Structures are given as structure tokens and as C-alpha cells.
Amino acid sequence: VLDVCEDVIYDTFKTFSDKKISPKPFRRITYKDAMMTYGSDKPDLRNPLIINDLTDFFAKNEFLTINDRTVPFKNKPVRGIVANYLDMAEGKKAFEKDIDTYSRSIGMKFGVGYITLDNGEYKGPIAKFLTEEQKAELTELVGIKDGESLFFISDTPAVVDHLAGEMRTWIGTKLGLIDESSFEFCFIVDFPMYEYNDETKKIDFTHNPFSMPQGGMEALLNKDPLEIFAYQYDIVCNGVELSSGAVRNHNPEIMRKAFEIAG
């Protein structure tokens, strides 16, 4: 099904557009990787920025306070985005003001933290809290180069990926990194079948309850529900979900068990 979809989409866009088209085969990205790397299950692959997971780095390192407030990274997931804004025509200070305003507008109450590698030295509000060893480790983790900045996004597990995705889109757009001359396609696959609902304290369906679970009845009987994937996919172009599909659950016994797990 994906192969046929891919052929039809590719040929249609090739016929009716003079823009660059993703070569076949289109990338197939798992839902988990899409959320971690792009902060969205509808990633715009024209944006070259990626999101780094810095949770383990901050979990093992102690930090002091900024303006009498604890740096809000400890015991929370942390994401990082590397970008270069120092050469912006509007000016460095204007960009820093704009990104602070935007980050707060989407729910980041502390704004976005950042450090900049300038002539081999880290500068910025958080730099003074990092040891030389920690700076070296960060450099290795994210591959930051001289003149680039590392922006930090931290919040609860429920929203951190969404916030990081919003920041990735904003930074990429603000810096003019989006390639408007291309159509970039991908399939998002391996959607989780279930999720834990913090409000009801129970297992819920994540997306489509009528999809076939990968592994069928055996998976439903023997696996942690939160580790079960569904046979679901989306085809995405430039951050837009064009279509969704799934293998439908056509087995009554598997359907009953799937709904039983969700209460």
C-alpha cells in the first residue's frame, strides 16, 4: 500500500510541479523518532534543524540558580536545537528579544535558554553554570560549531516535544532556512496503539482504535500496552499531513481484546 501511494504521489507532483520532489523511496520515520527529532508527527523536512535529547546530560549534572530561580532543567526532559543567528540582518539583540517573546507566548514560562560558542568560548545566560568538562560534553553531544548557539527547551514529558517542535519551526522560519523550492515527503509509521491518560489514570487508545495492533493477539496478551505499535501510517509533505491509513482490525477476537485493554 505504501509503495503504491508513493508511486502515485511522486508521479503526480512530478507531473504538475516544477519544484524539487523527494526521491523515491520516501523516508519512513517512526512516530517516536519524528517526535524526538522534529517535535512533530508532521515534520517539515525542508527545515534542516534537528532536536537533540539532552535529558540525560542535565539529569546527571547539578546547576545553580539564575535570578534566584533554579534552572528548570533538573528532573525534566530537555531538548536542544543548534542554530546560527549571529549574522542576522536585524541584529543579534533583536533576535534574542523575539525568540524570548515567542517562547513565552507558546507556554515556556521561563523563556528559552541558550549558550553561544563564540571564538571557542561559550557565552550566554547559562554558560557560567557549566564546567569546562560539561561544555566539552555538550559540544560532543550536539556537534555545535563556532558561531552557533544551542537553544534549550524544557518542560513536562507531555508537552516538551510539542514545544521543541514549535521552536524548531519558528527558528527555521526566522532564519530563512526553509527551502521553498521543494516538496519533501515522508511516511510516519509505528504509531503507538495506546497511551497513558494522566487525568483518568488509565490506558487509552492513542490514535485509531480500529487499527490492527502489530503482533496481533500475541502482542495484546504478552506485551506492555504502551509498547504496542499499530499498523498505522501518515504521509506528510512539508509539514502537512496529506493522508492517513491503517490495516484495519478485521478480527473480532483481537478487536475485543484491544478494547478490553482500554477499558
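Among the lysines, which have Cα under 21 Å from the Cα of K24 when same-chain residues fewer than 8 positions away are ignored?
K14, K42
Roughly to the nearest percent, how much of the accessible area of the chain is carbon and sulfur, given a 1.4 Å probe?
Details: 7400 of 14210 Å².
The nonpolar share, carbon plus sulfur, comes to 52 percent.
Rounded, prolate or oblate: which one fits the stretch 96-179, using the alpha carbon gyration tensor with axes a ≥ b ≥ c (rounded when a/c is under 1.5, else prolate when a/b beats b/c, else oblate)?
On the way: a/c = 1.79, a/b = 1.42, b/c = 1.26.
It is prolate, given that a/c is not under 1.5 and a/b is the larger ratio.
What lysines does K60 reach when the alpha-carbon gap must be under 29 Å and sequence neighbours fewer than 8 apart in one chain are set aside?
Straight-line reach from K60, under 29 Å: K32, K74, K76, K109, K123, K128, K135, K145.
Using a 1.4 Å probe, what is the accessible area per residue for the stretch 125-174, in Å²?
Numbers: 2270 Å² over 50 residues.
About 45 Å² of surface per residue is accessible.
In the stretch 3-155, if every C-alpha pair distance is counted and binned at 5 Å from zero, what percent goes to each bin?
Histogramming the stretch 3-155 at 5 Å steps yields 1, 8, 14, 18, 17, 13, 8, 8, 6, 4, 2, 0, 0 percent.
Can you list the trypsin sites (Lys or Arg not before Pro) in the stretch 28-57 that are in a DSSP coil and have 14 or fewer other beta carbons within 10 angstrom?
On the way: sites: R28, K32, R46; in loops: R46.
Nothing satisfies the criteria.
Just F26, F185, F16 to compare: in a GNM of the chain, with alpha carbon springs under 10 Å, which one fluctuates most?
F16
Below 16 Å, Cα to Cα, which aspartates and glutamates can K174 reach? Residues fewer than 8 away in the same chain don't count.
D44, D87, E90, E96, D98, D100, E148, E166
Would you pull out the residues with amide H under 5 Å of D118's amide H, same chain only if 5 or more places away, H placed 1.01 Å from N?
Those lying under 5 Å, H to H, from D118 are K123, G147.
The values are calculated or read from the model by the stated rules, or taken from the named source; none is laboratory data. As the structure is a computational prediction, the values presented were derived from the model and not from experiment. Here the Cβ is made from the backbone with ideal geometry for all residues, glycine too, and neighbour counts use every protein chain on show. To get the accessible areas, we keep the full protein, side chains included, count just its heavy atoms, and leave off ligands, DNA and RNA. Shrake-Rupley method; radii C 1.70, N 1.55, O 1.52, S 1.80 Å.
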